Every structure is written in structure tokens, then in C-alpha cells.
Amino acid sequence: MDSEFNVKESLRVIDQMIDRAKFRPSGEDSLITMLWGYLVFFAAILHWALQELFSSPYAPAAWLLMFPGIVATVVLSIKARKKKRVKSYVDDLVGQVWTTFSVAFILLFFFMGAADAHFLPVVLLLYGISLWMQGRLIRFPAYQAGAVCCWVAGAVAFLLDTTDQLLVLAVAVVLGYIIPGHMLAAKTRREDVR
């Protein structure tokens, strides 16, 4: 009787370890990607339009759209954490990738300044690094393709003035965040059906 319990207990521990090592994307994972893609897209286009079409000195205020995104990300992350049965190592690593991106972005913003001619190209390169790492970690090649798009966009943006960089940023987030986010959402829905 005691050895039967040990076998069952051992199998349960093994099952838990396997679950802990697997990554299962949730609907919130793709929703967060799409949220940031759409927010950055609309802020970049709004900033460009206010600056180019209306010569508004308030064009940079378009980036205030990011603050509701921060709140929504926190809420969605908490919801996803509660929903997941087990937090995998991959979940933790993906969180660390985006934490390092956020720290680097904040440092760039305060020490380089958003008005610097190289701010957006560097941000695009950071997007690429973070997307590449996330794509490798969750084994989702669409994020890696998006990363390459961000790197190419970053290289192109170095050659442009800051206003045109906004348009390059908009295209990059469509290719790097929005399309892969929709692809991940579709994949998640298919896996939830099984």
C-alpha cells in the first residue's frame, strides 16, 4: 500500500514538473502583444499627423496613450496569472525579457531623451531583441520574424528624420506586434478547442 502511494505521488510530482516546464500561451498573452502594438501604432500615427499636418506643438502628447496601456497590462497580467494552473519557467523568463526592455526604455527616455534623433531607432532595436527572445522562449517563429522586421526598421530609421521615423515605427509594430499577436491569439484558440 505504501509503495503504491509512493508511485502515485512520484507520478504526480513528475507531472507537475512537466507542467512547470511547458509554456501554454493564454489569451491574455496575445492580447497584451496586440494592445501594445495598437497603442504604439496609433500614438505614432497621431504624433506624426499632429506634427506634420497640423504643426501642433502638442504632437508628443500622443504618447500619453501609453499610460492606459500600462494599467491594462498590469490588469491582464494579473488575470493571466490567476488563470494559469502552473507558472512555467518560460512564463517567468518572458516576464524578465519585457522587464529588461522596460528598464532599458526608461533609461533611454530619461538619459537620451525622446527628442534625440536616435531614440526611436534604438527603441526599435530593443523591440527586436525582446521579440526575438520571446519568440525563441515560447517557440513561436512569428515573433522572431517580427523581431527581424523591427531590426530592419531600426536600421532604416537611423537614416530618416525623427518625424519619418514615426511612420517606420508604425509599420514595424504592425509587422512585429499586431500581426504576430493575432497569430498567437488564433493559435491559442485552436489549442483551447483541443
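The values are calculated or read from the model by the stated rules, or taken from the named source; none is laboratory data. All of these numbers come straight from a predicted model, not from anything done at the bench. Here the Cβ positions follow ideal geometry from the backbone for every residue, glycine too, while neighbour counts run over all protein chains shown. The area values use the complete protein model at the heavy-atom level, side chains included, leaving out ligands, DNA and RNA. Shrake-Rupley method; radii C 1.70, N 1.55, O 1.52, S 1.80 Å.
Quick notes on this one:
- Among the residues of the stretch 135-155, those that are within 15 Å of Ala185 (Cα to Cα) and either assigned to a helix (DSSP H, G or I) or aromatic (Phe, Trp, Tyr) (or both) comprise Gly135, Ile138, Phe140, Pro141, Ala142, Tyr143.
- Any chance Thr162 is surrounded by 14 or more Cβ atoms within 10 Å (Cβ to Cβ), within 21 Å of Gln134 (Cβ to Cβ) and either polar (S, T, N, Q) or touching a strand residue (DSSP E or B) at 6+ places or on another chain (Cβ under 9 Å) (or both): no
- Considering residues of the stretch 146-194 that are in contact with a Pro (Cβ under 7 Å, 6 or more places away or on another chain) and of a type in the set (A, V, I, L, M) only, the residue nearest to Trp36 (Cα to Cα): Leu184
- Enumeration of residues in the stretch 76-110 that are in a helix (DSSP H, G or I), touching a helix residue (DSSP H, G or I) at 6+ places or on another chain (Cβ under 6 Å) and β-branched (Val, Ile, Thr): Val90, Val94, Val97
- Of the listed requirements (1) surrounded by fewer than 16 Cβ atoms within 10 Å (Cβ to Cβ); (2) assigned to a helix (DSSP H, G or I), Pro57 misses just one: (2).
- Count of the stretch 92-126 residues which are charged (D, E, K, R) and more than 23 Å from Leu160 (Cα to Cα): 1
- Within the stretch 55-72, residues that are among the hydrophobic types (A, V, I, L, M, F, W, C) have Cβ atoms under 7 Å from residues that are open to solvent by 60 Å² or more (accessible area, probe 1.4 Å) in these pairs: Ala59/Gln51; Ala62/Leu46; Leu65/Phe42, counting only partners at least 6 apart in sequence or on another chain.
- Checking Ser102, Ser88, Ser77 one by one, the residue that is open to solvent by less than 50 Å² (accessible area, probe 1.4 Å), of a type outside the set (A, V, I, L, M) and under 17 Å from the mean Cα position of the chain (by Cα) is Ser77 and no other.
- Among the residues of the stretch 26-79, just one is farther than 16 Å from Gly95 by Cβ and at pLDDT below 90, namely Gly27.
- For the stretch 112-133, a residue qualifies if it is open to solvent by 20 Å² or more (accessible area, probe 1.4 Å) and either in contact with a Cys (Cβ under 9 Å, 6 or more places away or on another chain) or part of a helix (DSSP H, G or I) (or both), and the qualifying residues are Leu120, Val122, Leu125, Leu126, Tyr127, Ile129, Trp132, Met133.
- Filter result for Leu126 (in contact with a His (Cβ under 8 Å, 6 or more places away or on another chain) and either within 22 Å of Lys187 (Cβ to Cβ) or of a type outside the set (Phe, Trp, Tyr) (or both)): no
- Evaluation of Lys187 against (1) farther than 19 Å from Arg139 by Cα; (2) open to solvent by 30 Å² or more (accessible area, probe 1.4 Å) (one fails), failing number: (1)
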